[in-house]
1. If each residue of separation counts as 0.36 nm, what is the full-extension length gain between Ala322 and Ser391 once their alpha-carbon separation is subtracted?
2. What ranking do Ser337, Ser291, Ser132 get, fewest neighbouring Cβ atoms within 10 angstrom at the top?
3. Could you pull out every one of the aspartates and glutamates with an alpha carbon less than 15 Å from that of Lys308, ignoring same-chain neighbours closer than 8 positions?
4. Please give the contour-minus-distance gain from Asp276 to Leu222: 0.36 nm per residue of separation, less the Cα-Cα distance, rounded to one decimal in nm.
5. Taking a point 7 angstrom from the Cα of Ser209 along the C-beta vector, which residues in the range 442-466 have backbone N less than 14 Å away?
6. Can you list residues from other chains, or at least 5 along the same chain, whose modelled amide H is less than 5 Å from the amide H of Leu261?
7. Of Lys227/Lys248; Lys225/Lys402; Lys227/Lys402, which sit over 31 Å apart, Cα to Cα?
8. Within straight cross-link reach of Lys285, meaning Cα distance under 12 Å, which aspartates and glutamates are found once same-chain residues fewer than 8 apart are removed?
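Each value in this text was obtained by applying a stated rule to the coordinates, not by laboratory testing. Here the structure is a predicted model, which is why all the values come from computation and not from measurement. Here Cβ is always computed from backbone atoms with ideal geometry, including for glycine, and neighbour counts include all displayed protein chains.
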Amino acid sequence: MSRVVNSTAAGGLPGGAGQSPIQQRAQRRGRLLLAAVAAATIALGTTAVLALTGQLQPGRLWGFDLTEIPSILAATDGNDDSTDNLTSRSVVPLEEVANGEGATVPGTGLSTPVPPPGNLNSASRGSTLLGSPDQPFPPVVPSGQVRAVETGNGLVLPVISGDDASWRVHTACEQIITISRTDAVPIGPAHVVLDAGHGGTEPGAVGPSGLTEKEINLDVVLRAKAKLERLGAKVVLTRAGDHNITTKSRGRIAEAVEPALFVSVHHNGGAPAGGDVPGTMAFTKAGSDLSARFGGLFYQALEPVLNKAAAERRAAYEAYVAELEAYEALVDAYDQSVAARDEALVTNGQLPSTTIPSSRDTGTPPTARQRQPKFTTTVPANASTTVPVPSTIAPPPPFTVKPVQPFSFAGSGNRGVRAWIRPDGLDYLSVLRNSGDVPTVLVEYLYLTNPAEEALLMDPEFLDAQAEALVTAIVDYFSTTKRGTGFVADQYDDQPIGGGGTPDGCVEPQLP
Ligand SMILES: [Zn+2]
């Protein structure tokens, strides 16, 4: 009997997951450093790595001063229309002045507004809790004025005027058109108007894998709407499909529908310095206490959801590292059994020692020896031996565990709830500036441009949890006096942010 000892058998460890165990083993000594750098690079981007290495200064965690504004500008996805000239709340187009009170519904018998308890008019929403913990959303009663209509294909159009046959309305791209009364039905008031940021030709922020902000904004909004309606809320969306709509039109819809709350949903872009805490931001309406209260409630509801998701992802990464360590221990044991066998063969004169670089002598890992392709020795069955030749153990199976990336949030230095105000005292963000006196908040959930956060946002369960947090905050807003958390100093700015949302390039959605 003889047995064949060859380099392929000795060195042919099965690989897996795009990297052989040999390569994995060779990298082990540097893993801690590599993992730290990889984690920082993957999760935070180059800017953050530079910041960590002292070449840039990351922003402070809470609050900020003027020196931080450039990083905040870079971090925010851009949802303003910098060319919007109708910047003052006191400047109203003539047709709105003429029809500012809305049009009476012909033939409905609702020509006299009747404000029952819980009616959502601007007087009650400013001072009174509308609901209770048992019934956060009391029934909405039409006021008799039609200020918005909804088309059969789901477009919400603010009404300028109406007659027995038609409505004169604003469109998504700020045109004024006349549509037949058979093509639209009156809507409003509502408890909440939800706005899915961007849409159509404007994707908003885009993740490294191509996930677009416009689609996840709408996903979260649709989920939240369904949940809220199950709780009895009347919810209106600025867009229910993937189409353009200017920021002014979004605000105009909210103003027309008269909700007690208007929330514009976004996910952030850019690659600001990251960390262990989420970079969630909420921009509240200048001077609006109700808006600030909702911003705080949103932050308070969302933060634990994000921290839980992060803890799960970090645990998954640690489990992956543990599996890798255990596998490398198997590879080590196998390597050592091969080395022991080869050493016995050399001692017995059955293997020329010069063909076997010793890891002990050279410091080279055994895996380097295994790469030598020409080493093949036949061991005679009757060879005289001075030492017994041990058998090698079985090589480990391929490593097939799917790699898990380390997790880190981006934007930790920019997080918080604040108003963002221009020197003239008006809101910096157009959608807040154009929503009349409706309490309005623009929320930035996470940084879509951070690979780790994009991976989270690809998970429907996580998107549902985000929607649930929004619903929790809205229920709290309607039924409690809680003020929430996460407040930081207001921000002041006068530089255009850009980012679309203007009539320029706006592609009108399909009208009836
Ligand atoms: Zn956005």
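1. Working: separation 69, 0.36 × 69 = 24.84 nm, distance 2.85 nm.
Between Ala322 and Ser391, full extension yields an extra 22.0 nm.
2. On the way: Ser337 18, Ser291 27, Ser132 12.
Exposure proxy ranking, most exposed first: Ser132, Ser337, Ser291.
3. Asp276, Glu453, Asp459, Glu461, Asp464, Glu468
4. Details: separation 54, 0.36 × 54 = 19.44 nm, distance 2.92 nm.
The span from Asp276 to Leu222 would gain 16.5 nm if fully extended.
5. Counting only backbone N, you get 448-463.
6. Those lying under 5 Å, H to H, from Leu261 are Val193.
7. Details: Lys227/Lys248 27 Å; Lys225/Lys402 36 Å; Lys227/Lys402 34 Å.
Flagged as over cut-off: Lys225/Lys402; Lys227/Lys402.
8. Result set, ordered by chain and number: Asp427, Asp437, Asp490.
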